[in-house]
Amino acid sequence: MNTVLEKIERYKRDIFDLDISPFETTHTLHLRSKLEEQFSQMSFDEQLFLLSIDLQVIKNAKEISQHLESIYSSQNSHRPISHWWWHIDKIADGKLSLKNISFSEK
């Protein structure tokens, strides 16, 4: 998994795979955080691809949150809201809206 595109592809594959263990899904959340660190170095097409996956993650927040709930709650997280994927349960519950999520480069 060397290229940014390969990392994005892995994120896409793993975040929607609810047959893997929730622990593996948290590894996918860590991968998304690493992608965020690399965002400004990505090409426009890579950024767009990543953001298109993010929108699908938000659309499927309830399912992803339910998958994670046995091992993870954002109540115990100190991650910033800008890393909204760590707060997927709040998105699913309507406690975090799209108005609070930034999709632009910092």
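Hey, could you check the stretch 40-79 for residues that are of a type in the set (Val, Ile, Thr) and open to solvent by less than 50 Å² (accessible area, probe 1.4 Å) and say which is nearest to the chain's Cα centre (by Cα)?
Of the stretch 40-79, the ones of a type in the set (Val, Ile, Thr) are 53, 57-58, 64, 71.
Now narrow it down to the ones that are open to solvent by less than 50 Å² (accessible area, probe 1.4 Å): 53, 57-58, 64.
Working: ILE53: 9, VAL57: 7, ILE58: 8, ILE64: 10 Å.
That would be VAL57.
I'd like to verify a number: residues in the stretch 1-30 that are more than 16 Å from TYR72 (Cα to Cα) and either assigned to a helix (DSSP H, G or I) or among the aliphatic types (A, V, I, L, M) (or both), how many? Lay out the reasoning, then the answer.
Filtering the stretch 1-30 down to residues more than 16 Å from TYR72 (Cα to Cα) leaves 1-14, 16-17, 19.
Then keep just the ones that are either assigned to a helix (DSSP H, G or I) or among the aliphatic types (A, V, I, L, M) (or both); that gives 1, 4-14.
Looking only at that region, the number is 12.
Working only within the stretch 80-102, note down all residues that are in a helix (DSSP H, G or I) and open to solvent by less than 40 Å² (accessible area, probe 1.4 Å). Lay out the reasoning, then the answer.
Step one: filter the stretch 80-102 for residues in a helix (DSSP H, G or I), giving 84-92, 98-100.
Matches in the stretch 80-102: TRP84, TRP85, TRP86, HIS87, ILE88, ASP89, ILE91, ALA92.
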Residues satisfying the stated conditions in the stretch 7-39, i.e. polar (S, T, N, Q) and open to solvent by 60 Å² or more (accessible area, probe 1.4 Å) = none
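The values are calculated or read from the model by the stated rules, or taken from the named source; none is laboratory data. If you're wondering where the values come from, they're calculated on a predicted model, not measured in any experiment. Protein only, heavy atoms only, side chains kept; ligands, DNA and RNA dropped before computing areas. Shrake-Rupley method; radii C 1.70, N 1.55, O 1.52, S 1.80 Å.
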